[in-house]
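Structure, as structure tokens:
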Amino acid sequence: MKVIKTACPLDCFDVCSIAVEIDENKIVAVKGDVDDPITQGFLCKKGHSLMERIQHPKRLTSPMKKVKGEWVKISWEKALEEIGHKLLEIREKQGSDAVIHYTESGHGGLLKNIDTAFFNAYGGATTPEGSLCWGAGIEAQKLDFGEVLGHNPLDHLHAKTIVIWGRNPAFTNAHLIPILKKAQKRGSRIVVIDPVRTATAAFADYYYQVKPEHDGYLAMAMAKMILDKKKYDVNFVEQHCKGFKEFKEFLDRQQLKELIKATGLTEELICELTNLYADNKPSTIILGYGLQRYRNGGKNIRFIDALGALTGNIGVAGGGVNYANQYITKFLDWSYLANTDSKKVSTTFKRPLFSQYVLEDKKDKIKGIFVTKSNAVLQLPDTQKAIRAFSSIPFKVVIDHFMTDTAALADYVLPCTGIYEEEDFMFSSMWHSYFTFTEKALEAPEGIIHEFEIFHQLAKIMDMRDFISEYNSPKTYLARGLRPLLEKLDCSIDETKGRRIKLEDSDIPWSNKKFTTNSGKFEFIRGEDMLIDLSFKEADEYPLQFLTLHPKTSLHSQHFIDVEEGRLPEIFCNAKTLKTYELQEDQPVMLVSANGMLKSKVKIDEGVGDAILVSYEGWWLKNQGVNNLTPQGISDIGVQAIYNNCRCRIETL
Ligand SMILES: Nc1nc2c(c(=O)[nH]1)N[C@H]1C(S)=C(S)[C@@H](COP(=O)(O)OP(=O)(O)OC[C@H]3O[C@@H](n4cnc5c(=O)[nH]c(N)nc54)[C@H](O)[C@@H]3O)O[C@H]1N2
Ligand SMILES: Nc1nc2c(c(=O)[nH]1)N[C@H]1C(S)=C(S)[C@@H](COP(=O)(O)OP(=O)(O)OC[C@H]3O[C@@H](n4cnc5c(=O)[nH]c(N)nc54)[C@H](O)[C@@H]3O)O[C@H]1N2
Ligand code: SF4
Ligand SMILES: [Mo]
């Protein structure tokens, strides 16, 4: 029996290391890698079901073409010939940027970025800027620290106070839970700040139910208390920060009572939270992404970052304001991986505003769209508009493993290989700095090829000679793209196979207190950026806030594939909200927002704050999909989608 090492390709914080046992060319077991200090031998259900997905009866095994509204099988040769010629024709008539290349993170492998290299060689397609995911927080941390770096998750064991702020690791970051529990056992206090008493909050020592989008005010109130009681780290703010004076003067002008009122919490509770954070040091904050999917998402994160600097909890063991961790990214050669020098045009659109771009801003100008690693139509806000926008494009190609809702609306769907069938490089940019060269365990079923091969064949048809010679094999692609990392490690790719490796100097970011901002210091939010605008009047007809959170047992839409057609998505609210609208549990209702409608089933969850409805994203169109209700729009900074700024009302049926 042979054991090979690979890693989970799903778009998740953990990027778990996986040990695959193979006997006589068959996979006999898939396990969490015991040698990995993060995975510690267990995988979540989604990780275990990776095997089911590659053997799933609905997996596509042949290219498909839509002919007169019906899907028919087509040979690779013919499919790529037709697609290649169409791409050439569009470029000749309208320019390469009349094609949109829409890609997401449906598979985390580095090799899968060959799509971007191809479209840059094509001349530069129109591509998205900004994010459906984490954009506001990324931009906020770049402004404050210069880069987005996180502590080694095991370093949290040194923290006396661990504040989980708007993240639900019990669902989305499973391997953080044992670390939190171990820290708790050793005496650390676990604090959760979330409008929903989540499964993470259930085992926390302290829980604070903040009003959605009001975290900036909560952080301001905490900062004001820290300043008033002179609990701040004078040395840190004087030596290593820029803008402290202005920050303090701004807070001096704020009324504590007003700030407190805005948060939905009491003065006693905020005082307790502030004391925990500022007195029981070192303290770490672990931020999630739910709290930045708002108009003020970036500012809210910046005020929270400021708490770390004020209390000197930066660059020390057990400290940090952990949002994501882009440390490994620094050692990848993106100009090679993405082939940026070949690009002749650089047209972008704001990702959350895709539908508006296609239907209004560039009406009739977009002639083609190529989707990779994404179920875009379902995951973008405002589903009905996304369907109209996508369908309005005359030529549509999707590469996926399944006939997703996005694929079903396309003209061609091309199947590709998945985990276990390919070698690749897998790393996390959301959490830790461990990585794995994934080994191949199986041959892909007949008819399925890797994206590298797909784009190579297309390039041949389109006579893209430079691309073919520059990107001649997966092995060279990885070796060239990873050159800075391999130089740092002083080894070759082959020497790293089968091992889980971590970048050694990455455990405590900013320990030298040299920040990568222009000033070289931590920069406090300042000037007009400090004004959080929550003055928009919510229409009286939509009294409820609709939060769409990440589901426990599915990675976005991927594991909703087998849900029976017509099943109603569940929505959760507390008994008080249920009573206000005179509803019964399990009653089917219609939710109505300014964007659309969603028939759903009400469930009681006492953890949900007042006047809030919670649902989970990822339901397919056969179950309507929650983005029927969500608005298009972007955050203050970082071009982030604002899914959680969704208001609705309930209508009984
Ligand atoms: N309402 C609401 N909507 C949201 C969010 C929310 O909080 N609320 N969250 C947003 C966030 S954070 C994100 S990141 C986005 C995610 O948006 P998407 O990334 O579009 O979501 P997925 O459903 O994971 O779709 C990924 C697709 O990639 C496919 N795939 C898997 N492996 C491969 C591969 O090797 N090659 C190719 N070509 N395809 C592959 C999968 O089968 C799947 O169909 O959704 C956003 N949508
Ligand atoms: N099982 C599973 N794991 C996943 C994913 C998945 O789809 N399924 N998706 C992956 C991806 S792409 C991402 S981006 C991450 C997302 O990971 P998380 O950030 O953990 O997930 P979310 O569900 O978006 O939001 C987390 C929490 O933010 C809270 N929240 C919402 N609004 C506010 C607010 O205004 N203030 C505060 N303080 N809290 C608020 C929500 O109630 C929720 O409990 O998860 C990754 N991991
Ligand atoms: S989905 Fe996340 S927690 Fe689950 S196995 Fe994959 S990387 Fe690990
Ligand atoms: Mo995400």
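Might you let me know whether region 596-605 holds any residue that is touching a helix residue (DSSP H, G or I) at 6+ places or on another chain (Cβ under 7 Å), at pLDDT 95 or above, charged (D, E, K, R) and assigned to a loop (DSSP other than H, G, I, E, B)?
No, region 596-605 has no match at all.
Got a number for residues in region 516-560 being more than 16 Å from ligand 4 (Cβ to nearest atom) and out of contact with any Phe, Trp or Tyr (no Cβ under 6 Å at 6 or more places or on another chain)?
28
Any chance you could count how many residues in region 19-39 are over 16 Å from S433 (Cα atoms) and touching a helix residue (DSSP H, G or I) at 6+ places or on another chain (Cβ under 8 Å)?
Adding up the residues that qualify gives 3.
Return the total of residues in region 612-633 being in a loop (DSSP other than H, G, I, E, B) and touching a helix residue (DSSP H, G or I) at 6+ places or on another chain (Cβ under 6 Å).
Number of matching residues: 6.
Taking into account only those residues within region 357-366 that are out of contact with any Lys or Arg (no Cβ under 8 Å at 6 or more places or on another chain) and more than 11 Å from F390 (Cβ to Cβ), which is surrounded by the most Cβ atoms within 10 Å (Cβ to Cβ)?
Only one residue tops the list, namely K362.
Among the residues of region 165-173, is there at least one that is over 17 Å from the mean Cα position of the chain (by Cα), within 16 Å of ligand 3 (Cβ to nearest atom) and assigned to a helix (DSSP H, G or I)?
No, every residue in region 165-173 fails to be over 17 Å from the mean Cα position of the chain (by Cα), within 16 Å of ligand 3 (Cβ to nearest atom) and assigned to a helix (DSSP H, G or I).
In region 26-41, which residues are surrounded by fewer than 20 Cβ atoms within 10 Å (Cβ to Cβ) and touching a residue at least 60 places away in the same chain (Cβ under 8 Å)?
If the condition is that a residue be surrounded by fewer than 20 Cβ atoms within 10 Å (Cβ to Cβ) and touching a residue at least 60 places away in the same chain (Cβ under 8 Å), then I27, D35, P37, Q40 are the ones that fit.
Among the candidates Y336, Y357, which residue alone is assigned to a helix (DSSP H, G or I) and either within 30 Å of H151 (Cβ to Cβ) or assigned by TED's automatic domain parsing to the domain that holds G596 (or both)? Please lay out each step first, then the result.
Details: Y357 fails: either within 30 Å of H151 (Cβ to Cβ) or assigned by TED's automatic domain parsing to the domain that holds G596 (or both).
Of the residues listed, the single one that is assigned to a helix (DSSP H, G or I) and either within 30 Å of H151 (Cβ to Cβ) or assigned by TED's automatic domain parsing to the domain that holds G596 (or both) is Y336.
When region 120-145 is examined, which residues are found to be farther than 30 Å from D466 by Cα and small (G, A, S)?
Once the filter is applied, which keeps residues that are farther than 30 Å from D466 by Cα and small (G, A, S), region 120-145 yields S131, G135, A136, G137, A140.
Any idea which of (1) under 24 Å from the mean Cα position of the chain (by Cα); (2) under 25 Å from Y289 (Cα atoms); (3) acidic (D, E) is the one E606 doesn't satisfy?
It is condition (1) that E606 fails.
Do we find a residue being on the phi > 0 side of the Ramachandran plot and surrounded by fewer than 22 Cβ atoms within 10 Å (Cβ to Cβ) anywhere in region 228-238?
Checked against the condition, which is being on the phi > 0 side of the Ramachandran plot and surrounded by fewer than 22 Cβ atoms within 10 Å (Cβ to Cβ), region 228-238 yields at least one hit.
Please verify whether region 183-197 includes one or more residues that are in contact (Cβ under 8 Å) with a residue 24 or more places away in the chain, assigned to a helix (DSSP H, G or I) and either within 18 Å of the chain's Cα centre (by Cα) or away from ligand 1 (no atom under 14 Å from the Cβ) (or both).
Looking through region 183-197, at least one residue is in contact (Cβ under 8 Å) with a residue 24 or more places away in the chain, assigned to a helix (DSSP H, G or I) and either within 18 Å of the chain's Cα centre (by Cα) or away from ligand 1 (no atom under 14 Å from the Cβ) (or both).
How do the pairs read when you match residues in region 378-400 that are not assigned by TED's automatic domain parsing to the domain that holds Q640 with residues anywhere that are part of a strand (DSSP E or B) and hydroxyl-bearing (S, T, Y), using Cβ under 7 Å and keeping only pairs 6 or more apart or on different chains?
Note: pairs meeting the criteria are V397/Y412; I399/T372.
For D11, state whether it is in contact (Cβ under 8 Å) with a residue 12 or more places away in the chain and more than 16 Å from ligand 3 (Cβ to nearest atom).
no
Hey, among I399, I454, I393, which residue is on the phi < 0 side of the Ramachandran plot, at pLDDT 95 or above, surrounded by 24 or more Cβ atoms within 10 Å (Cβ to Cβ) and over 25 Å from the mean Cα position of the chain (by Cα)?
Within the list I399, I454, I393, the selection yields I454.
If we scan region 555-576, do we find a residue that is within 16 Å of ligand 1 (Cβ to nearest atom), among the basic types (K, R) and not assigned by TED's automatic domain parsing to the domain that holds D11?
No - not one qualifying residue is present in region 555-576.
Would you mind telling me which numbered condition in (1) within 16 Å of ligand 2 (Cβ to nearest atom); (2) of a type in the set (D, E); (3) in a loop (DSSP other than H, G, I, E, B) E147 fails?
All conditions pass for E147, except number (1).
Are any of the residues in region 292-311 outside any strand (DSSP E or B), closer than 20 Å to G146 by Cα and of a type in the set (K, R)?
yes
Pick out the one residue from G318, G308, G243 that is surrounded by 22 or more Cβ atoms within 10 Å (Cβ to Cβ) and modelled with pLDDT of 95 or more.
Being surrounded by 22 or more Cβ atoms within 10 Å (Cβ to Cβ) and modelled with pLDDT of 95 or more holds for just one of G318, G308, G243, which is G308.
Determine whether region 291-304 contains at least one residue that is crowded, with 24+ Cβ neighbours inside 10 Å, within 17 Å of Y217 (Cα to Cα), of a type in the set (F, W, Y) and at pLDDT 95 or above. Steps first, please.
At the first step, the residues of region 291-304 found to be crowded, with 24+ Cβ neighbours inside 10 Å are 291-294, 296-304.
Still in the running and within 17 Å of Y217 (Cα to Cα): 291-294, 296-304.
Pick out the ones that are also of a type in the set (F, W, Y) and you get 294, 303.
Next, only the ones that are at pLDDT 95 or above stay: 294, 303.
Yes, region 291-304 contains a residue that is crowded, with 24+ Cβ neighbours inside 10 Å, within 17 Å of Y217 (Cα to Cα), of a type in the set (F, W, Y) and at pLDDT 95 or above.
List the number of the failed condition for F119; all other conditions in (1) surrounded by fewer than 21 Cβ atoms within 10 Å (Cβ to Cβ); (2) closer than 19 Å to P415 by Cα hold.
Condition (1) is where F119 drops out.
Exactly one of (1) more than 11 Å from ligand 1 (Cβ to nearest atom); (2) over 28 Å from L60 (Cα atoms); (3) buried (at least 24 other Cβ atoms within 10 Å of the Cβ) is unmet by Y327. Its number?
(3)
Where in region 1-119 are the helices (runs of 4 or more DSSP H), entirely inside, with at least 3 residues that are more than 16 Å from ligand 2 (Cβ to nearest atom) and modelled with pLDDT of 95 or more?
Ranges flagged: 76-94.
Would you point out the residue of region 477-522, among those that are modelled with pLDDT of 95 or more and among the β-branched types (V, I, T), that is surrounded by the fewest Cβ atoms within 10 Å (Cβ to Cβ)?
T516
Return the residues of region 42-57 that are within 20 Å of the chain's Cα centre (by Cα) and surrounded by fewer than 19 Cβ atoms within 10 Å (Cβ to Cβ); say none if nothing qualifies.
Once the filter is applied, which keeps residues that are within 20 Å of the chain's Cα centre (by Cα) and surrounded by fewer than 19 Cβ atoms within 10 Å (Cβ to Cβ), region 42-57 yields only K45.
Against the definition (assigned to a loop (DSSP other than H, G, I, E, B) and among the charged types (D, E, K, R)), how does K344 come out, yes or no?
yes
Only one residue in G109, G123, G166, G95 is touching a Leu at 6+ places or on another chain (Cβ under 6 Å) and either under 20 Å from I461 (Cα atoms) or not β-branched (V, I, T) (or both), so which one is that?
Result of the check over G109, G123, G166, G95: G166.
The values are calculated or read from the model by the stated rules, or taken from the named source; none is laboratory data. Predicted model only: the values in this text are computed from it and were never measured. For neighbour counting, all protein chains shown are included, and Cβ atoms are generated from backbone atoms with ideal geometry for every residue, glycine included.
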